[in-house]
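Structure record follows, encoded as structure tokens.
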Amino acid sequence: MRTEETGNFVNKHLDRFKRYTKGGKNSISKRFAKPAFPDRLFKADFVHEDGTHCSDHDSQHLVVRCARDDEDEILIHHGTILSGDSVIKDARQRALLCQQYPSALCCETEAAGLNELPCLVIRGICDYADSHKSDDWQCYAAATASVVRRRLPPLPTPTQGPLESGGAS
């Protein structure tokens, strides 16, 4: 699948959410829209101050990253996802996990316990597992994950899985 094809499909799918405007500020179109403020990654030693919004924090505490060619481009990554039974809200703990599992892309909790099942986990990433965790990007991340699932070919039913069909496990 070419990047250009994926981008067109993603934008077309996300535009579908804009049609659902009933409900005012709680409408689907507003809940699943991309947040108006930028995605910000703070240095691991900068702890969030209670009662403040991350957009109020001084930019000197931000991690300097390369500018993205297209701020609206949604990137699809595939690889190892760390799965656990508690939400991580500590950048130092995240850094330790990064050292211990350098190939891991992210941490999540919803798929914890699925490691014994043959399955595909699709995640929309919405925070950096630090004290700045908020739900601001959560609905948009869920919408983008749904785009990826819609783009995949149909998944096999349990009777067509590798164990039932004699394939490798």
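Listing for the model above:
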| read-out | value |
| --- | --- |
| Selection status of ARG123, buried (at least 17 other Cβ atoms within 10 Å of the Cβ) and basic (Lys, Arg) | yes |
| Every pair of residues 6+ apart whose Cβ atoms lie under 9 Å, when the first sits in the range 112-134 and is touching a residue at least 40 places away in the same chain (Cβ under 8 Å) while the second is polar (S, T, N, Q) and surrounded by 12 or more Cβ atoms within 10 Å (Cβ to Cβ) | VAL121/SER83; ALA129/GLN93; ASP130/GLN93 |
| Qualifying residue in the range 128-140 (condition: part of a helix (DSSP H, G or I), closer than 30 Å to PRO156 by Cα and either touching a helix residue (DSSP H, G or I) at 6+ places or on another chain (Cβ under 7 Å) or at pLDDT below 85 (or both)) | yes |
| Candidates ILE88, ILE76 - the one that is touching a Leu at 6+ places or on another chain (Cβ under 8 Å) and in contact (Cβ under 8 Å) with a residue 40 or more places away in the chain | ILE88 |
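The values are calculated or read from the model by the stated rules, or taken from the named source; none is laboratory data. In this text, all values refer to a predicted model and were calculated from it rather than measured experimentally. With ideal geometry, Cβ positions are generated from the backbone for all residues, glycine too; neighbour counts draw on all protein chains shown.
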